[in-house]
Structure formats: structure tokens, C-alpha cells
Amino acid sequence: MIDLHTHSFFSDGVLIPSELVYRAKVKGYSCLALTDHGDFSNFDFIIPRIRRVAAELSKNYNIIVLPGIEITYVPPKLIKKAVARCRALGAKVVVVHGETTAETVPPGTNRSAALSGADILAHPGLISAQDALLAKKNNVCLEITTRRGHNKTNKHVAARAKECGAKLVLNTDSHSPDDLLDAGKIKKILSVSGLKSADFSEMRRNSENIIRKATRRK
Ligand SMILES: [Zn+2]
Ligand SMILES: [Zn+2]
């Protein structure tokens, strides 16, 4: 199992990174990205600290741990700059908190994320065909999520991705250990999203591509 969107208590998750990683390892994960909520106030606080622990945990717990960030509620005009800043600080997986229908995310966030150089546009809600096409063109993966609230539009996101040729990834957006993935959750999420096991294999390959790119980054 691979999960490229999770939260520790560096933002609103309940676990310290070491416990989150170890819990994931016990569940059978092969790779986890730590992507706490960030904006220009805390990118430089979170990323170097996650980086410091990620390498150690990877080595000692034998699981790939990638330091990342979830760019959250940054004004759409500044998202590209935020992605560059996070990369410079060493974020290996950059997620943007997309226009979920469960919240009031600033309109234009999906579009800016698709043009930003981020790896993943998380929970993009009722994403337009135009934005899904931009995501495809710029190699930004759209997210299918198990997270309650955000998961309401999975079916729409999956259909849009297919229609526009955009790539999908499956993440949990875990905030607590109960949110982590298992076989039952995967089966359920595929079925409610109108996806098949072949789609799961493809989402896995897309995640593996992000991991490959991430591990090449300094
Ligand atoms: Zn989010
Ligand atoms: Zn999140």
C-alpha cells in the first residue's frame, strides 16, 4: 500500500510522525508521504523538521517515508510560488488542498494547482473538464480519497479523469490511525467511485511514478 497524503500533529493529525509511520508499516504500507497543512507562515517550520525524521524512519522501519506538504488555502495566485518555495525547502511530495465540496476552498485553487508544478491535486471536488485537462497536460495527478466529506465527489473526479486522460492516485488524507488504508477500505472506495481493480493498479503505478520522481529529488 502506498499513501501520499497524510497528516501528523505538525498540523491537525493526532499522531507524531514516528508513530504514524510505524502504524502504517504495521498495516503493510510500503510508502507514506507526510503532507501536513502549510501556507507561507509555516512551510519553513514543517518541511525541514519532517525531512529530518523521514530519512531516519525510512532506514529504521524499512518503509519509504517522503517529506511533503499540503498547500492549504493559499490564495490561488500564490500557489505556484508556494510550490517552488516548498520544493526549495525539500518537500519531495507537494499536494495542493483542492476545491472539495465539503469546505469553502477559494475558487480558482484547482486551476492554479493544475498549473503549479505540484504532484497531486487533492480532493478536487466538482473539478471542471478544463481544469482536469490542465492537470493532465502538466502531469498533476487528481486524487481519489477515502476521507469522509471529501470523498463525496470521488465518482465525479474519476469520471472527469477518464474523460480528460488525467492521472489518478488513491490517498487516505489520514488524520488518525483509523484512517489508514486496508484491503476493505480499498474495495469500498473503488466501488463507490465507480472504479475497478484495474484502475487501482493504474493508480498504484501513478503513485509509484511520483515516488520515483520524489526519490530523485535532493
Ligand atoms: Zn486537504
Ligand atoms: Zn489533507
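The values are calculated or read from the model by the stated rules, or taken from the named source; none is laboratory data. Just so we're clear, the structure is a prediction, and the values are computed from it rather than from any experiment. Backbone-built Cβ (ideal geometry, glycine too); neighbour counts: all protein chains shown. Please note that ligands, DNA and RNA were not included when accessible areas were found on the heavy atoms of the full protein model with its side chains. Shrake-Rupley method; radii C 1.70, N 1.55, O 1.52, S 1.80 Å.
Things to note:
- Start at zero, step by 10 Å, and the Cα-Cα distances of segment 2-216 spread as 9, 39, 39, 13, 0 percent across the bins.
- Carbon plus sulfur fraction of accessible area for segment 120-200, probe 1.4 Å, in percent: 54
- Cα centroid separation, segment 5-74 to segment 123-192 (Å): 20
- ³J(HN,Hα) computed for each position of segment 160-166 - Karplus, 6.51 cos²θ - 1.76 cosθ + 1.60, integer Hz, glycine/proline x: 4, 4, 5, 4, 9, x, 6
- Segment 150-218: C-alpha gyration tensor shape, a/c 1.5 cut-off, then a/b vs b/c: oblate
- Listed by chain and number, the lysines whose alpha-carbon sits under 27 Å from that of residue 218, ignoring those within fewer than 8 places in the same chain, are 25, 59, 77, 80, 81, 92, 136, 137, 167.
- Solvent exposure of the chain, expressed per residue, is 45 Å² of accessible area, with all protein chains present and a 1.4 angstrom probe.
- The chymotrypsin sites (Phe, Trp or Tyr not before Pro) found in segment 25-105 that occupy coil by DSSP, while having at most 16 further C-beta atoms within 10 Å, are 40, 73.
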